[in-house]
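Visitor: There's a structure below that I have some questions on.
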Amino acid sequence: MTVQLEQHIDPKLIPILEGVHDPEIPVLSIMDMGVVRYAQMQENIAKIKITPTYSGCPAMDVIGDDIIDAFTKVNIKAEVSLVLSPAWTTDWITSRGRKALEVYGIAAPLSEEADKEALLGNKKIVKCTQCGSIHTKLVSQFGSTACKALFQCEDCLEPFDYFKCLK
Amino acid sequence: MKNENKIQYIYGIADNALILGQRLSELCGHGPNLETDIAMTNMALDLLGQTRSYYQYVAQLSGDDKTEDDIAFLRSERQYKNVLLVEQPNRHFGYVITRQFFYDVFHLLLLQELQNSSDETLSAIAKKGIKEVSYHQRFSSDWIKRLGDGTEESHQKVQEAIDDLWRFTDELFHMTDDDDMALQDNIGVNTIALKERYVQMVKEVFDEATLTIPETKWFQKGGKQGVHSEHMGYLLSDLQYMQRAYPNMKW
């Protein structure tokens with residue numbers, strides 16, 4: 001468990017890593033999540049470092065196994081390790097990732113300020129992913145996974161997840 | 001400082017997260033409503049995740065073939081260094097929230113200092129944890145206000161919980177010999193220096209919640225030395241059952 005200050009990824013490995021998805025949000029590749037911090041070939045072994053979204057995220061073990069599987073399929077041995085610093089932030093989700101979230105029905109994280117207002121219920125700013133209305137309300141600060149909060153649309157009445165801003 | 005003292009220092013932080021995480025896990029499926037049930041299990045998950053990071057580091061420091069699971073499941077009661085506050089059993093929801101609030105405020109202050117540790121790994125775990133614990137503290141503070149400034153009954157129940165649990169809060173700031181050594185080496189945190197800010201933060205929330213800090217002069221401690229309350233044995237028998245009954249079993 002170390003520190004990986006700068007993201008350092010060999011472009012040749014990106015297509016393989018893009019084939020691995022978050023098991024809890026399958027529309028999102030781990031590259032779009034921004035959890036891959038390091039990927040380099042060293043003596044014919046792909047050394048991959050990933051960082052957890054939340055400390056207790058149970059998806060990390062599965063993601064680690066899936067990375068090894070993805071590399072095994074193209075006959076490359078891979079080793080996966082976990083880094084904690086710098087801590088993951090929702091800013092690392094790519095714009096393609098944000099779009100994929102919205103299409104999947106999860107509202108993408110707002111800016112830090114807006115997020116606070118939304119989660120304290122002060123302002124109606126989280127858009128319903130079904131009908132686009134901003135007449136939505138916070139149902140719970142904690143949702144189906146550690147990274148999400150639960151909202152409900154007051155127009156179409158659909159409940160939906162909001163990906164919490166993490167800075 | 002010697003590795004063994006450093007390990008003991010880490011237990012003093014990590015065991016709180018494990019034991020409080022275990023208490024919150026007990027509520028899975030038993031929360032007063034779906035949203036609070038999910039919230040409490042989410043917080044349990046964060047705490048157990050942090051625990052894993054600490055224990056993985058301890059396993060690495062020990063230099064033997066010990067794993068994070070051995071550390072979590074195979075120590076005896078006296079070897080756990082958590083404070084008495086976090087092992088107190090779940091009673092009604094107001095009681096659970098009060099215990100959580102008292103720990104969250106401390107936890108946040110602790111991690112804000114621990115992130116400056118000269119130990120790279122502890123600093124990294126703290127930085128990650130701050131983001132999660134800020135969220136916990138917001139949740140428990142909101143509920144303290146809602147219950148305290150709620151109905152006559154909710155006010156009374158949460159005030160009773162405060163009156164019962166406040167005596168465990170002083171131990172949070174108690175420095176063991178290992179804490180002193182860690183502080184000298186710029187690894188650890190001076191918890192005594194956190195107390196004033198702690199009381200102030202608790203008071204701010206209580207004022208808004210129309211609740212009061214009891215005027216207790218007597219405080220209970222012992223957990224940080226491994227001397228626990230009677231509740232700890234029951235908790236551990238639940239926590240350790242599977243590994244004791246089926247050694248080395250895996251999910």
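Visitor: Once you have a ≥ b ≥ c as the square roots of the Cα gyration tensor eigenvalues for the protein assembly as shown, tell me rounded if a/c is under 1.5, and otherwise prolate or oblate according to whether a/b is larger than b/c.
Guide: Taking the square roots of the gyration eigenvalues as a ≥ b ≥ c, the protein assembly as shown is oblate.
Visitor: Hey, another quick one. Run through the DSSP bridge list for the protein assembly as shown and note the antiparallel percent, rounded to the nearest 5.
Guide: Taking every DSSP beta bridge within the protein assembly as shown, about 55 percent pair in antiparallel fashion.
Visitor: Let me know the mean shielding of A:54-65 by other chains, meaning the per-residue number of their Cβ atoms within 10 Å of its Cβ.
Guide: What the average comes to for A:54-65 is 4.
Visitor: Turning to a different aspect of this structure: By a straight-distance test (C-alpha under 14 Å), which aspartates and glutamates pair with B:Lys157 as possible cross-link partners, with residues fewer than eight away in the same chain excluded?
Guide: Leaving aside aspartates and glutamates fewer than 8 places away in the same chain, those within reach of B:Lys157 are B:Asp149.
Visitor: With springs only between Cα atoms under 10 Å, which of B:Glu132, B:Glu68, B:Glu230 fluctuates most in a Gaussian network model of chain B?
Guide: So, out of B:Glu132, B:Glu68, B:Glu230, the one fluctuating most is B:Glu230.
Visitor: A further question on this structure: If you rank B:Met43, B:Met242 by fewest surrounding Cβ atoms within 10 Å, what's the result?
Guide: B:Met242, B:Met43
Visitor: Hey, another quick one. Please find the FRET efficiency linking A:Glu158 to B:Ser229, where r is the Cβ-Cβ separation and R0 is fixed at 51 Å, and quote it to the nearest 0.05.
Guide: About 0.60, to the nearest 0.05.
Visitor: For chain A, list the cysteines whose Cβ sits under 4.7 Å from no other cysteine Cβ?
Guide: Singleton cysteines: A:Cys57, A:Cys147, A:Cys165.
Visitor: Using the crude model of +1 on Lys and Arg Cβ and -1 on Asp and Glu Cβ, and no other charge, please compute the dipole size for chain A relative to its Cα centre, in debye to 20.
Guide: About 240 debye.
Visitor: Sticking with this one: Which FRET efficiency value, to the nearest 0.05, is calculated for A:Asn122 and B:Asp149 with the Förster distance at 22 angstrom and r the Cβ-Cβ distance?
Guide: Working: r = 18 Å, r/R0 = 0.82.
Once rounded, the FRET efficiency stands at 0.75.
Visitor: Amide H neighbours of A:Thr2 under 5 Å, counting only residues 5+ apart in sequence or on other chains, H built in-plane at 1.01 Å?
Guide: For A:Thr2, whose amide H was placed from the backbone, the distant partners under 5 Å are A:Leu84.
Visitor: Taking the number of other C-beta atoms within 10 Å as the exposure measure, put B:Ser140, B:Ser76 in order starting with the fewest.
Guide: Numbers: B:Ser140 24, B:Ser76 9.
If I rank by nearby Cβ atoms, fewest first, I get B:Ser76, B:Ser140.
Visitor: Please state the charge dipole magnitude for the stretch A:105-163, taken about the Cα centre, from unit charges on C-beta atoms (+1 on K and R, -1 on D and E), reported in debye and rounded to the nearest 20.
Guide: On the way: 6 positive and 8 negative charges, 10 e Å.
Value, rounded to 20: 40 debye.
Visitor: Between A:Pro26, A:Pro58, A:Leu84, whose Cα lies farthest towards the positive end of the dipole of chain A when Lys and Arg beta carbons carry +1 and Asp and Glu beta carbons carry -1, centred on the Cα centre?
Guide: Going by the charge dipole, the pick is A:Leu84.
Visitor: Which one, B:Thr212, B:Thr151, B:Thr169, has the greatest fluctuation when you compute a Gaussian network model over chain B with C-alpha springs under 10 angstrom?
Guide: Looking only at B:Thr212, B:Thr151, B:Thr169, the biggest GNM fluctuation is shown by B:Thr151.
Visitor: Provide the per-residue ³J(HN,Hα) series for the stretch B:9-21, in order, calculated from phi with Karplus coefficients 6.51, -1.76, 1.60 and θ = phi - 60°, each as a whole number of Hz, with x at glycine and proline positions.
Guide: 4, 5, 4, x, 9, 5, 5, 4, 5, 5, 6, 5, x
Visitor: Work from the charge dipole of the protein assembly as shown (Cβ charges, +1 for Lys and Arg, -1 for Asp and Glu, about the Cα centre) and give the residue of A:Leu166, A:Ile45, B:Gln220 farthest towards its positive end.
Guide: The Cα lying farthest towards the positive end belongs to A:Ile45.
Visitor: Still on this model: Could you work out which residue, out of B:Ile71, B:Ile130, B:Ile192, moves most in a Gaussian network model of chain B, that is, has the largest mean-square fluctuation with Cα springs under 10 Å?
Guide: Between B:Ile71, B:Ile130, B:Ile192, it is B:Ile192 that shows the largest mean-square fluctuation.
Visitor: Which value, in debye to the nearest 20, describes the size of the charge dipole of the stretch B:3-245 about its Cα centre when Lys and Arg Cβ atoms bear +1, Asp and Glu Cβ atoms bear -1, and nothing else is charged?
Guide: Charge dipole of the stretch B:3-245: 80 debye, to the nearest 20.
Visitor: Quick one: Karplus J couplings for the stretch B:223-235, per residue in order, coefficients 6.51, -1.76, 1.60, θ = phi - 60°, nearest Hz, x for Gly and Pro?
Guide: For the stretch B:223-235, the Karplus-derived couplings read x, 5, 9, x, 9, 9, 7, 4, 5, 5, x, 5, 4 Hz, x marking Gly and Pro.
Visitor: Ok, one more. To the nearest whole number, what is the average tally of beta carbon atoms from other chains within 10 Å of the beta carbons of peptide B:109-121?
Guide: That average works out to 1.
Visitor: Ok, one more. What does the average come to when, for each residue of peptide A:136-146, you count the partner chain Cβ atoms lying within 10 Å of its Cβ?
Guide: Mean number of neighbouring Cβ atoms from other chains: 5.
Visitor: What is the set of long-range amide H partners of A:Val139 at a cut-off below 5 Å, with H atoms built 1.01 Å from backbone N?
Guide: Here A:Leu150, A:Phe151, A:Gln152 satisfy the definition.
Visitor: Amide H of A:Lys164 versus every other amide H placed in the peptide plane: which residues, excluding those fewer than 5 positions away on the same chain, fall under 5 Å?
Guide: Correct list: A:Lys148, A:Ala149.
Visitor: Arranged from highest to lowest average of other beta-carbon atoms within 10 Å per residue, in what order do the peptides A:142-155, A:8-21 appear? Mind dumping the intermediate values first?
Guide: Numbers: A:142-155: 20.1, A:8-21: 15.8.
So the order, starting with the most tightly packed, is A:142-155, A:8-21.
Each reported figure results from applying straightforward, stated rules to the coordinates on display, with no laboratory input. Computed from a prediction, not measured in an experiment: that's the story for all the values here. Virtual Cβ from ideal backbone geometry, glycine too; neighbours counted across all protein chains shown.
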